[in-house]
1. Hey, can you tell me all the residues within region 52-67 that are within 13 Å of the ligand (Cβ to nearest atom) and either under 11 Å from ILE121 (Cα atoms) or part of a loop (DSSP other than H, G, I, E, B) (or both)?
2. Take the residues of region 104-141 that are among the β-branched types (Val, Ile, Thr) and outside any strand (DSSP E or B): which is surrounded by the fewest Cβ atoms within 10 Å (Cβ to Cβ)?
3. Can we say LYS144 is at pLDDT 95 or above, open to solvent by 10 Å² or more (accessible area, probe 1.4 Å) and assigned to a helix (DSSP H, G or I)?
4. Out of all the residues in region 77-99, which are within 10 Å of the ligand (Cβ to nearest atom) and either in contact with a Ser or Thr (Cβ under 7 Å, 6 or more places away or on another chain) or within 23 Å of LEU149 (Cβ to Cβ) (or both)?
5. Kindly provide the set of residues from region 20-51 that are surrounded by 14 or more Cβ atoms within 10 Å (Cβ to Cβ), away from the ligand (no atom under 14 Å from the Cβ) and part of a loop (DSSP other than H, G, I, E, B), ordered by number.
6. For GLN63, indicate whether it is over 18 Å from ASN32 (Cα atoms) and at pLDDT 95 or above.
Amino acid sequence: MYIKLLPKSQDASLFQQYEALLTGKWITDLSNTSAFLMDVFPDINWVGFYLMEEGKLFLGPFQGKPACTEITLNRGVCGHAATTQKTVVVEDVHAFPGHITCDPRSRSEVVVPMLSKGQLIGVLDVDSATPNRFTESDAQFFEKIVTILLTQK
Ligand code: SME
């Protein structure tokens, strides 16, 4: 069992607890990553993965309400992060052109692209019902989680 902690980008014990969950089996690790983040990160309503296949993002393992199943790269926050290959922090999703509403409670969002061997393989998407929920250091925390996850790829 891991302890519930407020995540900080330098919280070594939290990252150690996360690493201990990983198995090297990709879908297993994506599933437990979404469950881990939902458990330890306060005030989020959806967290999960969209995975690249045939030039589109398809819904992968997640926690939260059922979500849209595929996203083209020119749409939404996920498409923007995938296209730019940069982490996107959105303070107010209603103000983001083309935002795709899956859970209408979502008000702010972070999307981290996942790159393996220089190729985009998917994104980590984290939503909150609180406007302006995510700081730069939160975004760095999710980037570090993705970096650790990608050591298994
Ligand atoms: N908000 C995303 C769509 C996915 S849901 O939030 C789960 C977007 O606009 O890319």
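The values are calculated or read from the model by the stated rules, or taken from the named source; none is laboratory data. A quick note: this is a predicted structure, and the numbers were derived from the prediction, not measured. Here the Cβ is made from the backbone with ideal geometry for all residues, glycine too, and neighbour counts use every protein chain on show. Calculation scope for accessible area: heavy atoms of the full protein, side chains included, ligands and nucleic acids excluded. Shrake-Rupley method; radii C 1.70, N 1.55, O 1.52, S 1.80 Å.
1. Going residue by residue through region 52-67, those that are within 13 Å of the ligand (Cβ to nearest atom) are 56-67.
Matches in region 52-67: LYS56, LEU57, PHE58, GLY64, LYS65, PRO66, ALA67.
2. Residues of region 104-141 that are among the β-branched types (Val, Ile, Thr), as a first pass: 110-112, 121, 123, 126, 130, 135.
From what's left, outside any strand (DSSP E or B): 130, 135.
On the way: THR130: 15, THR135: 12.
This residue is THR135.
3. Values: at pLDDT 95 or above: yes; open to solvent by 10 Å² or more (accessible area, probe 1.4 Å): yes; assigned to a helix (DSSP H, G or I): yes.
Considered against the rule, which asks whether it is at pLDDT 95 or above, open to solvent by 10 Å² or more (accessible area, probe 1.4 Å) and assigned to a helix (DSSP H, G or I), LYS144 comes out as yes.
4. VAL77, CYS78, GLY79, HIS80, ALA81, ALA82, VAL88, VAL90, VAL93
5. Scanning region 20-51 gives LEU22, PHE41.
6. Here the answer is no, as GLN63 does not meet what is asked.
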